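Structure, as structure tokens:
The values are calculated or read from the model by the stated rules, or taken from the named source; none is laboratory data. Keep in mind that what you see is a predicted model, and the values were worked out from it rather than measured. Reconstructed Cβ throughout: ideal geometry from the backbone, glycine too, with neighbour counts over all protein chains shown.
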Amino acid sequence: MLDGLISQLYANALDQLASAETLDQVEAVRVEALGRKGKLAEISKEFGKLAPEERARIGKLLNTVKAELESKIETRKASLEAAALDARLDAEWVDLTTPAPGPRPGSLHPVTQVQQEVEDLFVSMGFTVLDGPEVETEYYNFDALNIPADHPARDMQDTFWLEDRRLLRTHTSPVQVRGLEKLGPPLKMIAPGRVFRNEEVDPSHEHTFYQLEGMMVDHDVSVAHMIYFMKTLLSAIFHREVTVRLRPGFFPFVEPGFELDIRCLICNGEGCPVCKQSGWVELMPCGLVHPAVLRYCGADPEVWNGFAFGLGLTRLAMMRYGIDDIRLFSSGDLRFLTQF
Ligand code: PHE
């Protein structure tokens, strides 16, 4: 009778094992058949009632069935585990031979690009490129440019002062003085650089921006020379005809002084935030170097004269690339910067 139960148990367990699809299901089959309270244990309880010769035979049978089931269960477990591992490897597969994306190529800041272009142009016309300190003395930023301490023109350029009375330069004009002092006339120089103003920030004003100073000192320099260089510069930069106008302008370090405006290239004169709805953009204040400045630099104004201009490099870059908000330049925003 026990033979029948044992072979039924064996057949059942094999069936269940064949349809088990998870490790948990396999374990359930094992517990049901071989566990301490399982079917095999159940059958073993009857064992004691058997005649001795039967006992030996059934004992052997039980052991065989147990060993068989154990090994079938192990095999099934191993194959399920292997399948699970395969599935995971498939899902988490990484191709280590795929080439890495590599570093993204960088590019120069739009203001730097415009600066380098203007530098090349002036160098080709025989100008020297000079540099000056961003932290400047009151003397070079104001006094030597004919702007004494009590002069109202100081209010035009409010800036940031250091505790030792030095200041963040408000313009690149101090390099006119430093350059002429050091190199003496005749001199053709430009000086690009960063300047600072205590400004309310809006789409066309920043507290930090770039200018490019230009100066030529020689014998008999006239406004006509100045206009020639301005025009050469503008047509080279914009690669097209730009409309300009000269207005009288006041700067204590030039006489006569002018404002050179260009027709706004963003709105073509219609009016936009960059040109403050006027259709014109102030691009280059300029004029003939004031005799007082020449004297401060040790050049005799009876012998030498010259012109000077201040180009708003940041503003020029805005015009050139059609950028309508100056704050983008210092935003560090890659969506902006990678376009150049
Ligand atoms: N330095 C003046 C400014 O920043 C501009 C200027 C330069 C004017 C040279 C005349 C000549 O406002």
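For the subset of the range 201-238 comprising residues that are more than 20 Å from Glu255 (Cα to Cα) and among the β-branched types (Val, Ile, Thr), which member is surrounded by the fewest Cβ atoms within 10 Å (Cβ to Cβ)? Applying the filter and picking the extreme gives Val201. For the range 62-114, the tally of residues that are at pLDDT 90 or above, touching a Phe, Trp or Tyr at 6+ places or on another chain (Cβ under 8 Å) and part of a helix (DSSP H, G or I) stands at 3. Looking at Val129, Val135, Val123, just one residue is in contact with a Lys or Arg (Cβ under 9 Å, 6 or more places away or on another chain) and away from the ligand (no atom under 16 Å from the Cβ), and that residue is Val135.
Taken over the range 126-169, the residue count meeting the criterion of being of a type in the set (A, V, I, L, M) and part of a helix (DSSP H, G or I) is 4.
Screening the range 170-190 for residues that are within 13 Å of the ligand (Cβ to nearest atom) and in a loop (DSSP other than H, G, I, E, B) and picking the one that is surrounded by the most Cβ atoms within 10 Å (Cβ to Cβ) gives Ser173. Restricting the search to the range 247-268, which residues are within 13 Å of the ligand (Cβ to nearest atom), farther than 21 Å from Lys231 by Cβ and not in a strand (DSSP E or B)? Within the range 247-268, Phe250, Pro252, Phe253 meet the criteria.
Could you list, in sequence order, the residues of the range 216-250 that are in contact with a Gly (Cβ under 6 Å, 6 or more places away or on another chain) and within 22 Å of Asp300 (Cβ to Cβ)? Listed by number, the residues that qualify are Met216, Val217, Val221. Counting the residues of the range 191-210 that are out of contact with any helix residue (DSSP H, G or I) (no Cβ under 6 Å at 6 or more places or on another chain), within 14 Å of the ligand (Cβ to nearest atom) and assigned to a strand (DSSP E or B) gives 6.
Here Gly126 does not qualify as out of contact with any Ser or Thr (no Cβ under 7 Å at 6 or more places or on another chain) and modelled with pLDDT under 90.
Taking the range 293-337 as the range and being free of Cβ contacts under 8 Å to residues at least 60 places away in the same chain and on the phi > 0 side of the Ramachandran plot as the test, the residues that pass are Gly322, Gly332.
Contact map, the range 102-118: first residue under 7 Å from Phe340 (Cβ atoms), second residue part of a loop (DSSP other than H, G, I, E, B), Cβ cut-off under 6 Å, separation 6 or more or different chains; pairs are Ser107/Phe340; Pro110/Phe340.
Taken over the range 284-326, residues that are closer than 18 Å to Arg247 by Cα and of a type in the set (Val, Ile, Thr) amount to 1.
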